[in-house]
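Novice: Structure provided below as structure tokens; questions to follow.
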Amino acid sequence: MSSSSSAAAPQTPREAFDLLLAGNRRFAANSQHYPNQGSWRRSALTQGQEPFAVIFSCADSRVPPELIFDRGLGDLFTVRTAGHSTDPGVVGTIEYGVAACPTKVLAVVGHSSCGSIAAAIEARQSNDLPNGFIGELVQRVLPSVEAANRSGRTELHEVVAENVRRTVRELVEVSDVIGGKIDAGELAIVGFVYSLSSGETDIVDAIGDLGRIDLVDVVSVQAERATYAADALRQRVASPMAG
Ligand SMILES: [Zn+2]
């Protein structure tokens with residue numbers, strides 16, 4: 001099974017998305033294949049890498065991308081920060097994964113019970129940021145807390161989903177590299193929320209040529225989605241409501 005997963009490199013954003021989703025389902029069901037993790041794979045990769053996905057996730061030790069998507073060496077180009085907060089170096093690294101590698105999907109992965117999001121909620125309530133660079137990091141998550149609160153969503157899991165969606169939108173808006181790839185139909189960006197308890201991921205946002213996929217939490221997303229559409233984003237949004 002390891003060699004087959006290597007041979008069947010996804011050619012489209014949808015194929016790459018399906019590969020990620022299938023791996024997560026195997027992980028959640030405790031029926032992993034552990035593909036591409038042997039010494040043969042290590043040897044095969046010495047001349048170069050051809051990952052099929054960029055994963056931008058929270059740094060939390062309970063959310064390791066290769067494990068939760070059941071992948072191996074050379075499959076995922078991973079970028080991780082607490083609360084998947086961005087800065088120029090982070091976006092530059094993601095752009096490298098998108099432009100210099102044959103990746104077809106960019107996944108933003110947040111998770112339940114995220115300490116970074118909880119810290120941002122607390123900072124907003126207390127009007128006090130943590131010391132050091134952690135304060136800077138929490139500050140970058142605050143707009144998600146405020147956006148969620150404005151629409152009456154104050155629970156941690158609601159802010160987690162909002163933060164994933166905002167990160168998805170931010171990456172598309174600030175990066176011409178990412179936006180251009182999506183425009184060309186060569187890349188899709190997907191927002192996942194991973195459940196620490198079930199091991200499953202919910203899809204809370206998606207942009208790009210993915211065909212129809214099911215998003216969760218579509219009711220609370222709806223108002224914002226209308227706003228995004230009005231903003232004339234340069235790519236279509238793949239969701240049940242778009243059809
Ligand atoms: Zn986290």
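Novice: Just the residues that are of a type in the set (D, E, K, R) and closer than 25 Å to Asp209 by Cβ, please, taken from region 54-110.
Specialist: Within region 54-110, Asp70, Arg71, Asp75, Glu95, Lys104 qualify.
Novice: Give region 142-172 a look and list any residue that's over 21 Å from Phe17 (Cα atoms), surrounded by fewer than 20 Cβ atoms within 10 Å (Cβ to Cβ) and not basic (Lys, Arg), or say none.
Specialist: Within region 142-172, Leu142, Pro143, Glu146, Ala147, Asn149, Ser151, Gly152, Thr154, Glu155, Leu156, His157, Glu158 qualify.
Novice: Another question, if that's okay. For region 101-115, which residues satisfy the criterion of being part of a loop (DSSP other than H, G, I, E, B), away from the ligand (no atom under 12 Å from the Cβ) and buried (at least 24 other Cβ atoms within 10 Å of the Cβ)?
Specialist: Thr103, Lys104
Novice: When region 116-127 is examined, which residues are found to be of a type in the set (Ser, Thr, Tyr) and more than 15 Å from the ligand (Cβ to nearest atom)?
Specialist: Ser126
Novice: Next question. Those residues that are among the aliphatic types (A, V, I, L, M) and either under 16 Å from Glu186 (Cβ atoms) or at pLDDT below 95 (or both), I need them from region 22-55; list them, please.
Specialist: Ala53, Val54
Novice: While we're here: Working only within region 26-66, note down all residues that are buried (at least 17 other Cβ atoms within 10 Å of the Cβ) and within 16 Å of the ligand (Cβ to nearest atom).
Specialist: Correct list: Ile55, Phe56, Ser57, Cys58, Asp60, Val63, Pro65.
Novice: So which residues in region 24-49 are in contact with a Ser or Thr (Cβ under 9 Å, 6 or more places away or on another chain) and closer than 13 Å to Gly72 by Cβ?
Specialist: His33, Tyr34, Pro35, Asn36, Gln37, Gly38, Trp40, Arg41, Ala44
Novice: Give the number of residues within region 111-129 that are more than 23 Å from Arg62 (Cα to Cα) and not basic (Lys, Arg).
Specialist: Number of matching residues: 6.
Novice: Condition first: free of Cβ contacts under 8 Å to residues at least 24 places away in the same chain and either assigned to a loop (DSSP other than H, G, I, E, B) or away from the ligand (no atom under 16 Å from the Cβ) (or both). Can you find one or more residues in region 74-90 that meet it?
Specialist: yes
The values are calculated or read from the model by the stated rules, or taken from the named source; none is laboratory data. Note that the coordinates shown come from a computational prediction; the quantities given were computed from them, not determined experimentally. Because the Cβ atoms are built from the backbone with ideal geometry, glycine has one as well, and the counts that use them run over all protein chains shown.
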